[in-house]
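Below: one structure, written as structure tokens.
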Amino acid sequence: MFGNCIKLFFMSMIPVWELRGSIIASQAMDPVVPIFLAYAVCVIGNMIPVPFIYIFARRFLKWGADKKGIGKPCRWILKKGHNGSKKLGKKGAGGVFVALMIFVGIPLPGTGAWTGTLAASMMDFGLKRTFFSVLFGVIIAGGIMTAITLVGLKVFGM
């Protein structure tokens, strides 16, 4: 079972898949990973990339802004992030914290820790606030996915 926990840990780091797919996958493994252990492993694994995304995404975009081939999309993303930051700055950090948490907490592809952290980085939200907002969102998404998985197992008699 330890090997399956390691697999889940790394699967939870994959963009789009993240912990949403990993929690479900935990119940298809042989041996099955207990659902609450899978939840904990997947939350931790999903959070590992967050500081790296936050720190390096903006650096990459700034580096690429004057490069041939990637300069135009890099500048566009930086401009969007700057404009979004100005708009949200007027609303206060508390509202942005909750909005980011809810966005990450919705268990749909494209709304996870990777996307939320990238958006927060572009808006210069701050690493500590981003980390905790995304963490609470991942905890919520993991809870929803755990509940859906348990209901699915019950309904299908597994």
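The values are calculated or read from the model by the stated rules, or taken from the named source; none is laboratory data. All values derive from a computational prediction rather than experimental measurement. FYI the Cβ positions are ideal-geometry reconstructions off the backbone, even for glycines, and counts take in every protein chain you see. The protein model used for the area step is the full one, side chains on, heavy atoms only, and it has no ligands, DNA or RNA in it. Shrake-Rupley method; radii C 1.70, N 1.55, O 1.52, S 1.80 Å.
At 15 angstrom or more along the helix axis (alpha-carbon based) and mean Kyte-Doolittle of -1.0 or higher, what helices does the chain contain? Whole DSSP H runs only. Working shown, then result.
Values: long enough: 35-47 (18 Å, 2.06); 49-64 (21 Å, 0.53); 71-89 (26 Å, -1.11); 93-105 (18 Å, 2.37); 127-155 (41 Å, 1.62).
Flagged H segments are 35-47, 49-64, 93-105, 127-155.
Any chance you could run the full-extension gain for Phe60 through Phe36? It's 0.36 nm times the residue separation minus the Cα-Cα distance, nm to one decimal.
Working: separation 24, 0.36 × 24 = 8.64 nm, distance 3.66 nm.
Answer, rounded to one decimal: 5.0 nm.
Is any residue of region 116-130 close enough, with backbone N under 14 Å, to a label point placed 7 angstrom from the Cα of Leu78 along the Cα-Cβ axis, and if so, which?
Within reach of a label on Leu78: 122-124.
If every alpha-carbon in the chain counts as one equal scatterer, what log10 I(q)/I(0) does Debye give at q = 0.15, 0.17, 0.20 1/Å?
-0.79, -0.93, -1.14
Report, in deg cm²/dmol and to the nearest 500, the calculated mean residue ellipticity at 222 nm for the chain, where each DSSP H run with n ≥ 4 adds -39500 (n - 2.57) and the sum is divided by the residue count. Intermediate values should be presented prior to the final figure.
Working: 8 runs with 119 residues, N = 158.
Mean residue ellipticity, 222 nm, calculated: -24500 deg cm²/dmol.
Heads up, I need the accessible area for Val151: 1.4 angstrom probe, whole protein in place, Å², nearest 10.
90 Å²
Based on the Cβ-Cβ distance of Val155 and Phe52, what FRET efficiency does E = 1/(1 + (r/R0)^6) give at R0 = 41 Å, to the nearest 0.05? Write down the numbers at each step before the final one.
Working: r = 38 Å, r/R0 = 0.93.
With R0 = 41 Å, the Cβ-Cβ based efficiency is 0.60.
Relative contact order for the chain using alpha-carbon pairs under 8 Å, separation at least 6, rounded to a whole percent? If you can, show how the numbers build up before the last one.
Numbers: 210 pairs, mean separation 42.1, N = 158.
Relative CO of the chain lands at 27 percent.
On a straight-distance basis, which aspartates and glutamates could pair with Lys80 in a cross-link, Cα separation under 16 angstrom, same-chain partners fewer than 8 positions away excluded?
List returned: Asp124.
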